[in-house]
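Inspection log for the structure reproduced underneath, given as structure tokens.
A short reminder: the numbers here are calculations on the coordinates, not readings from a lab. What you are looking at is a predicted structure, and each value in this text was computed from that prediction instead of being measured. Note: ideal-geometry Cβ built from the backbone for every residue, glycine included; neighbour counts use all protein chains shown.
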């Protein structure tokens, strides 16, 4: 995979999918701390755009950080700026999934002039304080799916997760709870979920939110009001991980924010319904 030098001279990797002549779309993996390989080709977006997908520090082909503070999402936003400079992009479109929405919003707040479009897919909403200050609809969505075959075992696993700390036991419980992240539990979803344990890196995952205090979060939130580019926030109506309504709150943080609730998909909409996801993103981005 190609590499670029970040602000501290670290050699970080990124992958390129799609024709070299296509317009670039930079894509950030969430997790946090998950190998960007789980994004795949994002439901076939590489047919229209040249996908540039960085591995954040300590994941995929990128080495661990010498300083643990560099796993935090504001530092990962600095890595993104280094990647932009390496690629020679004056302005670019950015897509981020899940926790990486915090990285993308931190970048947008610091470099609003660099973004032509921003797409946030199933964002966790921590910048907006969703976890601390606003209603959480994930439990309601989870309970609404109790008739599905996987639900009893997943529900039991979720209950026990709060009571265990041994890594192997946690991994086993997470594997049992995996179906709740998807709209269906068919072969594509099972394959995607089976790859997750090997793709997660615990140290980057732990460090993602470390050292980012409430004043820093609120400063990012305030600066989002000055982001001029159009912003699309996508949430899946069956997402039991980050929920649905968080999308409306995140979109409202931007002057040109738009929220789309996608039917029949969960936390990984490009896995559940690639065509629907691709259409939603391409209709927003157009030909760039």
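Diffusion coefficient (Stokes-Einstein, Kirkwood radius over C-alpha pairs, 25 °C, 0.890 mPa s) for the range 94-236: 141 µm²/s, rounded to a whole number. Computed over Cα pairs, the Kirkwood radius of the range 230-285 leads via Stokes-Einstein (0.890 mPa s, 25 °C) to a diffusion coefficient of 218 µm² per second.
For the range 155-238, what log10 I(q)/I(0) values come out of the Debye formula at q = 0.10, 0.19 1/Å, with one point per alpha carbon and no solvent? Log10 of I(q)/I(0), two decimals: -0.44, -1.04. Per residue, the convex hull spanned by the Cα atoms of the range 163-203 amounts to 78 cubic angstrom. The mean sequence separation of alpha-carbon pairs under 8 Å and at least six residues apart, normalised by the residue count of the chain, gives a relative contact order of 22 percent.
What is the range 1-69's relative contact order, in percent, from Cα pairs under 8 angstrom and six or more apart in sequence?
Numbers: 121 pairs, mean separation 25.5, N = 69.
Over the range 1-69, the number comes to 37 percent.
Would you kindly give the portion of the calculated P(r) for the chain that falls above 26 Å, as a percent of all Cα pairs? The proportion of pairs with Cα distances above 26 Å equals 40 percent. When each of the peptides 140-151, 115-126 is scored by the mean number of other C-beta atoms lying within 10 Å of its residues, the order from highest to lowest reads 115-126, 140-151.
How big is D for the range 1-149, in µm² s⁻¹ as a whole number, if Stokes-Einstein is applied with the Kirkwood radius of its Cα pairs at 25 °C and 0.890 mPa s? Spell out each step's value before the answer.
On the way: Rh = 16.2 Å.
The Stokes-Einstein estimate is 152 µm²/s.
Using equal-weight Cα scatterers in the Debye expression, the normalised intensity of the range 80-166 in log10 at q = 0.18, 0.19 Å⁻¹ is -0.88, -0.92. From least to most packed, judged by other beta carbons within 10 angstrom and beginning with the fewest, 56, 6 follow the order 6, 56. Here the Gaussian network model covers the chain, with springs between Cα atoms less than 10 Å apart; of 84, 139, 217, 139 fluctuates the most. When peptides 23-29, 253-259 are ranked by their average number of other Cβ atoms within 10 Å per residue, the highest-first order is 23-29, 253-259.
For the range 166-288, the average shadow cast by the Cα convex hull is 9.5 nm², which is a quarter of the hull's surface.
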